Structure formats: structure tokens, C-alpha cells
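The next block holds one structure in the form of C-alpha cells; read it before the comments.
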Amino acid sequence: MKITIFGTGYVGLVTGACFAEMGNDVVCMDVDAGKIARLNQGEIPIFEPGLEDLVKRNHADGRLRFTTDPDEAVAHGVFQFIAVGTPPDEDGSADLRYVLAVARTIAERMNDYKVVVDKSTVPVGTADKVREQIETVLRERGVALKFDVVSNPEFLKEGAAVDDFMKPDRIIIGTDNPRPAELLRALYAPFNRNHDRLITMDVRSAELTKYAANAMLATKISFMNELANLAERLGADIEQVRRGIGSDPRIGYHFIYPGCGYGGSCFPKDVQALTRTALGVDYEPQLLQAVERVNQRQKQVLFRKISEYFGDLQGRTFALWGLAFKPNTDDMREAPSRTLMEALWKAGARVRAYDPEAMNECRRIYGDRPDLTLCSSPAAALEQADALVICTEWQLFRSPDFDLIRASLKQPVIFDGRNLYDPVLVAAHGLRYFAIGRPVVEPEAAAAARLAENIPLI
């Protein structure tokens, strides 16, 4: 099938590459000529496991092409996917200017039937606006052409997006017309062979489903962070609590990990956008507002712990492990690491940072500055640092050499925003360990306990 995708960002590129992998003929369109040139040269603008090979293979085989020519793009596909950005406007609502611009572009150039698919995460009612935009342009052109507008929200997790697309949990199709539903069912058939994952519904329900899913997950995270803060004050261990409640099948273990706050391109933006949508229909979404407030507060927790421990931070240096908002991505949008670094810099401290993938992104955001050193390894980040801070739960951080950490740091202390380690084990290596919602174990007590039980250090 012939498919056109407007936008070569995260969603557009993954969608295009995965459709091409199934034998479809895909054209990806973008107004950024530099990005298109780099893609045509095999340069992938984002890090996503498995994506580079997928793009290069399908591009070489001619199934995936990149263009800046809107005439070529519109003429190519029956399916016209809109996968452009919907950044937050000044009031937190989703900015639809790029979505509607694509709708106008399609309408100005189409000469036959098109299925226009909203792939971008958009507020309820966007499909109506897209339809109105196309109808207006077609009237201006004086032509009568059939088209359908469908909502097909993406559910891609950064770091696992290719797998999510190739083996989806669900495929949501929002339409009031059976014709495009059947066409999309055929398009998605290769991803739907094991059992039927396709769910059809009305357009507005499909649009709300994506926001509802992300808001629900964000709510779980903020709830656990609330409990973690409470656990610290009550002398409880949030990790024990997490295991206790996670064993309830009604709750489960997914998305109940406390930490230093959520970030990324989806959760913060979508919670805000859904909040603005609610306020726009005279409904105060108190729970959504609380979710965002809790998250903003949680991003300050690591800095608060550091300040309480050290007092004046002027002239101090901190090793930072993890810049991306989550593992297996280079995305630093709304990342807790940014909140922490900016607070440390404001307090007069320096940062020595390491991340397996997000170093270039960090350099792009902050440029060269004297209070930021991007290091070649986790061990290099520790050099001459007063303490270690962890913001991202990359796999290579999970089993470090604690003796090396202690020997490298000016002060033997770790601030862990992702609860990666057993506090007793860390303390037994002579390190003070401050996690999220977990009790602080004094090194002397931990060492004595292990000695009494004849447990060797590892």
C-alpha cells in the first residue's frame, strides 16, 4: 500500500519505517530540508533501539523515501498520516497549527480520495477541525473530492517504540465511517495476525483514549511519589510498600516505581493538554492538576536532599549519572536531570555528567559552559566530585563498583533518584545512600551487621 507520512520526528519516523518493513511503499515528508538530507544520507536524528537498521534497510530497498516536496507527498499515498508535533501552547493546551497546516497542504494538492489519519496526539475535536480545514480548501478550489478523517493515536514507548509498533497491545481506529476502518484494518493486518488487537470507536473517543492512557500512567507515578514522600516521614520503606501493593492483581507492578519525577515528550504535555481541554468545557480536573503539581514538586526532591546534606553548594562538584528522561532514549525533554542541573548551577555548583546516549542532546541544549563537563564514562564523571547523583536507570548503572565510587568521591555519598540499589549493601561499602522513600542506613551499622552475619561484601 502507498502511505504518506507528514513529519519525520519520533512518531513519524518509527511509523514510516515499520510500515515499510511490512512491504508498504512509504514516503515521509518534512519541511526541514536539513533533516531530510541527513535521513537520505542514512543519518538518524533520534536514538531508538532497532530504528537505525530498520530505516537504512528499507531506504536502501526503496520502500522508504524522504522528501521535502509536498506535491510528491500528497500525490503518493491514499493514506495521509499526520505525525507532526503538537507542542504545548503558552496556556498548556496543544498547539494545532502544524496539524492544521498539514491538513491545508493535503487539501490544496489532493486530486483523488484520501484517508487523512491523525497520528499525532491531539485534543478531542481535532479531527473535526482537520475535516473543516480540508472542506474549506476544497471549496476554495471549487472541487468536490471524497475524503475521510480518522483518529489513529500512537502508543509508542520511547526506548521500545519499534517493538511497540510491530507487536502492538492495541490499535485504536476512531472513525464514523466503515470505509476507512476497513482500509486501515487491511493496512494493519500484518501487525494483527496473532489475535485481533484492533479496536474501532468513534473519533472523539479515540482522541480521548490517548490522553486518558498517558494521564492514567502519569497519575500512577505521581501517586507513588506522594507515597514515597510520606514513607520517608513515617519511617517506612516505599520499596516494601511497592511490592506489597503490586502483588494485588488489581494494581499490578507496572508504573508504580517512585523516583525523581516523570519527563519526556508525552506525559507532561498530555496531562497539561487534557487539563486545558477540561477547563475549556467548564470542568475543573482536580486530579489531573494534582498529578502535575506533584510531579513538579518531585523534580525538586534530589536538589532538596543535596542541599540539606551539604548546605552551601557554591564551588561543589556533582557527578551525574543519567541525562535522558528514561533509559534507551536520548530524549531530554522535561527530564528531571535538567531540573536538577539548573538548580545546581543556580546554587553555584558544577556538574560532571555521563549518559550512554543523551550527551549530544545535552550539548545541543546547554552548549559549552564552564560548570558542565560531559564525561566519557561513569567512572570519569566521579573524578573530583563531591557526591554522585543518579537521574536515569540505565542498565549499566545497576551493578557499579561501590568501592571505586567511594574511592573516587570527595565525600562518600550517593543521591539516587531511581532507587537502583539495596541501601544496606551500599552502606556496607561505606557510602551514605539517599534514595526516594527509603530509610537511610548508616554505613557503620550496615558494616557491623554484615560482619556479625559473616556476609561478604560484593
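Could you calculate the contour length gain from Ser377 to Glu308, that is, 0.36 nm times the residue separation minus the distance between their Cα atoms, to one decimal place in nm?
Working: separation 69, 0.36 × 69 = 24.84 nm, distance 2.81 nm.
Separation in residues times 0.36 nm, less the Cα-Cα distance, equals 22.0 nm.
Just rank Phe310, Phe415, fewest to most, by other beta-carbon atoms within 10 angstrom. Please report the intermediate quantities before stating the final value.
Values: Phe310 17, Phe415 24.
Arranged by neighbour count, lowest to highest, Phe310, Phe415 become Phe310, Phe415.
From Cα pairs below 8 angstrom and at least 6 apart in sequence, can you work out the relative contact order of region 301-452, rounded to a whole percent?
Details: 292 pairs, mean separation 32.3, N = 152.
Rounded, it is 21 percent for region 301-452.
Label point 7 Å out from Tyr253 along Cα-to-Cβ: which residues of region 220-240 have amide N under 14 Å?
Under 14 Å, as judged by backbone N against the label point of Tyr253, lie 239-240 of region 220-240.
List, in order, the whole-Hz ³J(HN,Hα) value for each residue of region 363-373 obtained from phi through the Karplus relation with A = 6.51, B = -1.76, C = 1.60 and θ = phi - 60°; use x for Gly and Pro.
Using θ = phi - 60°, the values come out as 5, 5, 6, 9, x, 8, 9, x, 9, 9, 10 Hz.
How many angstrom lie between the C-alpha centres of region 70-97 and region 26-54?
Between the Cα centres of region 70-97 and region 26-54 lies a distance of 17 Å.
Under the rule of -39500 (n - 2.57) per DSSP H run of 4 or more residues, summed and divided by the residues of the chain, what mean residue ellipticity at 222 nm is obtained, to the nearest 500 deg cm²/dmol?
When only DSSP H runs of four or more count, the value is -13500 deg cm²/dmol.
Which loop-located GluC sites (Glu not before Pro) does region 35-85 contain, where loop means any DSSP state but H, G, I, E or B and the Cβ has at most 14 other Cβ atoms within 10 Å? Please list the in-between numbers first.
Numbers: sites: Glu43, Glu52, Glu72; in loops: Glu43.
Taking region 35-85 and a limit of 14 other Cβ atoms within 10 Å, the loop GluC sites (Glu not before Pro) found are Glu43.
Compute the Rg to Rh ratio over region 100-208 from the alpha carbon atoms, using the Kirkwood formula for Rh, and round to two decimal places.
Working: Rg = 14.8 Å, Rh = 14.8 Å.
Answer for region 100-208: 1.00.
At 0.36 nm per residue, minus the direct Cα-Cα distance, what do Lys346 and Tyr283 gain on full extension? Give it in nm, one decimal, please.
So the extension gain works out to 18.9 nm.
Straight-line reach from Lys114: which lysines have Cα under 18 Å away, leaving out those fewer than 8 places along the same chain?
Lys2, Lys129, Lys146
Would you pull out the residues with amide H under 5 Å of Ile390's amide H, same chain only if 5 or more places away, H placed 1.01 Å from N?
Under 5 Å from the amide H of Ile390 lie the amide H atoms of Trp321, Phe415, Asp416, Gly417, each far enough along the sequence or on another chain.
Sort the chain into rounded, prolate or oblate with this rule: let a ≥ b ≥ c be the square roots of the eigenvalues of the Cα gyration tensor; rounded if a/c is under 1.5, and if a/c is not under 1.5, prolate when a/b is larger than b/c, oblate otherwise.
Values: a/c = 2.22, a/b = 1.93, b/c = 1.15.
The shape class here is prolate.
Which percent, nearest 5, of DSSP beta bridges in the chain are antiparallel? Intermediate results must be reported in sequence, preceding the final value.
Working: 2 of 46 bridges.
Antiparallel: roughly 5 percent of the beta bridges in the chain.
Under the rule of at least 5 residues apart or a separate chain, name every residue whose amide H is placed under 5 Å from the amide H of Ile199.
Amide H neighbours of Ile199, under 5 Å, 5+ apart: Ile171, Ile172, Ile173.
Please sort by residue number the GluC sites (Glu not before Pro) in region 345-448 whose DSSP state is loop and whose Cβ has at most 16 other Cβ atoms within 10 Å.
Details: sites: Glu357, Glu361, Glu383, Glu393, Glu444; in loops: Glu357, Glu383, Glu393.
In loop regions of region 345-448 (DSSP not H, G, I, E or B), the sparsely surrounded GluC sites (Glu not before Pro) are Glu383.
Which whole-number percentage describes the relative contact order of the chain, with Cα contacts under 8 Å and a sequence gap of 6 or more? Walk me through the numbers before you get to the answer.
Values: 867 pairs, mean separation 51.5, N = 458.
11 percent.
Across region 241-253, in residue order, what do the Karplus-derived ³J(HN,Hα) couplings come to in whole Hz, using 6.51 cos²θ - 1.76 cosθ + 1.60 with θ = phi - 60° and x for Gly and Pro?
Here the 3J(HN,Hα) series is 4, 4, 5, x, 7, x, 5, 6, x, 6, 9, x, 8 Hz.
Applying the Karplus parametrisation 6.51 cos²θ - 1.76 cosθ + 1.60 with θ = phi - 60° to the phi angles of region 169-177, what ³J(HN,Hα) value in whole Hz is obtained for each residue in order, glycine and proline being reported as x?
Each residue of region 169-177 in turn: 6, 7, 10, 9, 10, x, 7, 9, 10 Hz.
For region 139-253, what's the relative contact order in percent, using C-alpha pairs closer than 8 Å and at least 6 residues apart?
Values: 92 pairs, mean separation 24.6, N = 115.
So the answer I get is 21 percent.
Hey, rough spin-label estimate for Leu198 and Ala37, points 7 angstrom out along Cα→Cβ, what's it come to in nanometres?
In this crude label model, Leu198 to Ala37 measures out at 4.1 nm.
Each value in this text was obtained by applying a stated rule to the coordinates, not by laboratory testing. Bear in mind that the values here come from a model prediction, so they are computed numbers and not experimental data. With ideal geometry, Cβ positions are generated from the backbone for all residues, glycine too; neighbour counts draw on all protein chains shown.
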